[in-house]
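Laboratory data are not the source of any read-out in this text; all were calculated from the coordinates shown. Every value quoted in this text rests on a predicted model; they were computed, and no experiment measured them. Every residue, glycine among them, receives a Cβ derived from its backbone with ideal geometry; neighbour counts consider all protein chains shown.
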Amino acid sequence: MNPPTAYTKTAYLDCFSGISGDMMLGAIIDLGISADLLSERLKALHIKGFELQAQQVMRAGIRATKAEVIIKDPQNKAVYLKDIVSLINNSGLDEDIKERSLKVFKAIFTAEAKVHGEEPESVHLHELGGVDCMVDIVGTIIGLKELGIGQLLASPINLGSGFVKTSHGHLPVPAPATAELLKGYRVYNSNIPFELTTPTGAALVSSLSRQEQEAAFTIKGVGYGAGGKDLKEQPNVLRLFLNDSESSYYRDSIFVVTTNIDDMNPQYYESLILTLLKAGAKDAYLENLIMKKGRPGIKLTVLVDESNLQDIFDIVFTHTTSIGLRYHRVHRQMLHRRNIEVETKYGRVRLKAAGVEGAVINLTPEYEDMLALSQRHGIPLKAVEGEVTKAYIKRHDRD
């Protein structure tokens, strides 16, 4: 088995005419990943009755690639989250492809559930639930891996305007699920009476990318993915810029939020940290301080993406006695990370593998998984960890 493509490149989504699943797939094909290759990789899903086609089209004078999923036997079948989870988990896709695909679909179901006042497990999809959506999403993630793209940045997103016809009737643009998915992202409405950004496109961009005010890089290639309609006002295309340089490390930026507290019951901190992490904080930790007049205090630090910044502000003010906080953007340089699973004689354990250029430098088993196996079998944690290491080495040798 060939080693997985290294996620070492950066790409930039220029969403001046919105984004949809087929536009994203078209841009990837336009950058050189053939529809035939994607079709071959998609066989791992074990779904039949579709054909992925790509053709060159013109959109307001710009040549672009139009990706289209041809369904040979279309069915209006309701699709639930459990159906998609089962299909992806039982597929022959690489583990990192499974993980990213499930992230996108779970975002869709969560958004739809919130819009309709239901639980994600009870929501069923029609427009988003078909084979074409599966091909758009999983095909996009496969294509990003084939291109080696590990860092995806996005411009402000054009939503369009007007109304869109759905199974629930005519809904305003953006569709409610689209608006829910793009919380925390910079968007704008244009005077084009058309749905430029679809829920599938919104799920892809919000799950796989982040927005940066300063996205500077050298262009290596540009892929143009065509939308279905040729607009009079502007080219209906999605541009995908590929960065010229590769890096052994993953680079991004994140916000650091801090506040000093000297008048709060220390028993509240455990609940506070759990609430912050559940709300999307990357990390949250406490430091001891000596404040003015010799008073002991605590410094709370939270690391968070810009899209979750306001939620973190609300939690800090609601769950602590703080009346003010500080925040600033910092840049990070990290090892490339991926989640994998190994099967030991005691059970399955998830691991985080971090490294450069395909070489693993740090391997961290999930503590909760090992603790559960330790308690279930009545064995020390170190015995479980030893079996995890052996299982990983065996898997690595096999690959």
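Numerical summary
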read-out: Candidate lysines for bridging to Lys292, where Cα separation is under 18 Å - those fewer than 8 sequence places away on the same chain excluded; value: none
read-out: Radius 13 Å from Cβ of Asp230, net charge of other residues (Lys, Arg +1; Asp, Glu -1); value: +4
read-out: Only Lys, Arg (+1) and Asp, Glu (-1) charged, at Cβ; segment 264-357 dipole about Cα centre in debye; value: 300
read-out: Rough spin-label spacing in nm, given labels placed 7 Å along Cα→Cβ, for Gln375 and Ala279; value: 2.8
read-out: Among His319, Phe163, Ile70 - extreme Cα towards positive end, dipole of the chain, charges at beta-carbon; value: His319
read-out: Within a Gaussian network of the chain (alpha carbon springs, distance under 10 Å), most fluctuating of Leu371, Leu351, Leu182; value: Leu371
read-out: 29 Å Cα-Cα threshold exceeded, pairs from Lys98/Lys232; Lys98/Lys390; Lys145/Lys232; value: Lys98/Lys232; Lys145/Lys232
read-out: Debye, to nearest 20: dipole size of segment 305-399, +1 on Lys, Arg Cβ, -1 on Asp, Glu Cβ; value: 320
read-out: Helix 309-319 axis, angle to the chain major axis (alpha carbon atoms, nearest 10°); value: 30
read-out: Cα→Cβ-extended label distance, 7 Å offset, between Asn362 and Asp263, nm; value: 3.8
read-out: Cα gyration tensor shape of segment 95-238, rounded if a/c is under 1.5, else prolate or oblate by comparing a/b with b/c; value: oblate
read-out: Long-range amide H partners of Val79 with built H, under 5 Å; value: Leu125
read-out: Three-way shape call for segment 133-216 based on the alpha-carbon gyration tensor, with the a/c threshold at 1.5; value: oblate
read-out: Angle between the chain longest axis and helix 21-30 axis [Cα atoms, degrees, rounded to 10]; value: 80
read-out: Unsatisfied cross-links (Cα-Cα over 24 Å) in the set Lys9/Lys103; Lys66/Lys114; Lys82/Lys114; Lys48/Lys165; Lys282/Lys394; value: Lys66/Lys114; Lys48/Lys165; Lys282/Lys394
read-out: Magnitude of the charge dipole, the chain, Cβ model with Lys/Arg +1 and Asp/Glu -1, debye to 20; value: 520
read-out: Fewest-first sequence of Asp230, Asp311, Asp30 by Cβ atoms within 10 Å of each Cβ; value: Asp230, Asp311, Asp30
read-out: Mean Cβ neighbour count within 10 Å, used as a protection proxy, ranking 42-54, 323-335 highest first; value: 42-54, 323-335
read-out: Packing-based order for 148-155, 283-290, using average beta carbon neighbours within 10 Å, highest first; value: 148-155, 283-290
read-out: Cα-projected label distance for Lys220 with Arg295, points at 7 Å along beta-carbon direction, nm; value: 5.4
read-out: Ranked Leu159, Leu363, Leu196, criterion: other C-beta atoms within 10 Å, fewest first; value: Leu363, Leu159, Leu196
read-out: Which labelled figure in (i) 1.07; (ii) 1.01; (iii) 1.23 is Cα Rg over 2.2 N^0.38 Å, once derived from the coordinates; value: (i)
read-out: Highest-MSF residue in the chain out of Gly61, Gly162, Gly225 [GNM, Cα springs under 10 Å]; value: Gly61
read-out: Helical contribution to [θ] at 222 nm, DSSP H n ≥ 4, -39,500 (n - 2.57), averaged over the chain, rounded to 500; value: -10500 deg cm²/dmol
read-out: Folded to 0 to 90 degrees: helix 367-377 orientation relative to the chain principal axis, Cα; value: 70
